Amino acid sequence: MRYTLHQFSQGRLLLAIVLVLISVAMHGGPVVAQTPEAIGSGPGFETPWGIAVEANGSLVVVDFDKKAVFRVDPVSGDRTIVSDARNGSGTDFEIPFDIAVEADGGLVVAGGYQLSGQFKQAVFRVDPITGDRTIVSDTNIGRGPNFIRSKGIVVEADGNLVVIDGGGVREDLDALVRVVPVNGDRAKLSGADIGGGPDFGSGPAFRVIKSVAVEADGNLVVIDGGTHAVVRVDPATGDRTIISAATIGSGPDIAFPEDIAVEANGGLLVLNSDPPAVVRVNPISGDRTIVSNASAGSGPALELPNGIAIAADGSVALVDTDLAAVIRVDPVTGDRAIISEGTDIVLSTTSRLPATGGPTNLPNIALAASLLGALLAVGGIYILRRTPRSVRRA
């Protein structure tokens, strides 16, 4: 884990810290505030990872390190936590990787949980209103091959779920697994068996599956980070066909693809993390064109984009884990605008006011003065923002 220093306007940050410290002084205990550049109100992101769109246009985001599902208002940018250890009942998330929306509005999450000190892989269903979590499929629920690393999820037209299991590690399934949501049964749809067993579906083998989406005709499109390719998968046979790669289709290579989404007109949008870019792929020819990157489109530069979805208005919504933000991208011009951004600042002290009130909390005021003095003495104010671990989706 590494950290980078971000310098902000001294006046804006000073005001934010003063407000936090006043709150600490008055109330004691942990206090949470937003960094001054926050866009939208509500709890801040830590490592936003996957994103999906609800029927009413709201965005739902899974946060890897906060172990939470957020809902984001696409207009105001306001953030609310739908489900985490404090919101909703049921088994807590440990590593939520991806999220999708079912036809009835239920949220399904691919990730894992802890049980008696052991890490288990699973598919969760989250009630979009209460935040309650139930396990749809894991080692104890449903029959079929057990998940080894469930990292991506999508909902098919018939309501079945397709889950990515893999990331290039030898023990991973490196396969698409279909899950029946009623009973949790699992069946390999496409990929190789463990230990050199039979393949499921013909065609070039997966190497590092990153993401999956569903086309209008029911075909699946998969990002393979190992071959730097977009692969189409027949949902009935599991057969695999590369539709875009370095030698298939023209245009810039997709060196580090992270996620994929299907536009209303059938175009494919691939999110590349290094260099950061949104790339449009022609689903027939495989030709690739840049939609948005450092040279195409205006607005804040992408740093580490990790999840992509098509918003209700046809624009592109993506999460950037380095910026801890949700970003809207114009699919025509490539212009970028931050929809929602916020990182929590947490200050904590041990002293508290009496329950019935009392004099001003002098120890905390002394702490506030000392902290401000130290910050100002170095000639600027900085905030440490965590850069997510290098595993990303791998």
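Where a number appears in this text, it was derived from the coordinates with a stated rule and is not lab data. The model shown is predicted, which means the values in this text are computed figures rather than measured ones. All Cβ positions, glycine included, derive from the backbone under ideal geometry; neighbour counts span all protein chains shown.
Tabulated data
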item	result
Burial ranking of peptide ranges 321-329, 335-343, 113-121 (average Cβ count within 10 Å, highest at the top)	321-329, 335-343, 113-121
Extreme residue, positive dipole direction of the stretch 46-342, given options Gly184, Phe124, Asn265 (C-beta unit charges)	Gly184
The stretch 35-169: radius of gyration over Cα atoms, expressed as a fraction of 2.2 N^0.38 Å	1.03
Cα gyration tensor, the stretch 99-168 - rounded (a/c under 1.5), prolate or oblate	oblate
Inter-part distance where the stretch 286-324 and the stretch 119-143 are each reduced to a Cα centre, Å	30
Segments 258-267, 209-218, 144-153 sorted - mean Cβ within 10 Å per residue, highest first	144-153, 209-218, 258-267
Eligible lysines near Lys188 by straight Cα distance, threshold 25 Å, same-chain separation 8 or greater	Lys120, Lys151, Lys210
Reduced Cα scattering model of the stretch 46-342, Debye log10 I(q)/I(0), q = 0.06, 0.08, 0.17 Å⁻¹	-0.17, -0.30, -1.47
Residue exposure sequence - Ile129, Ile95 - by fewest surrounding Cβ within 10 Å	Ile129, Ile95
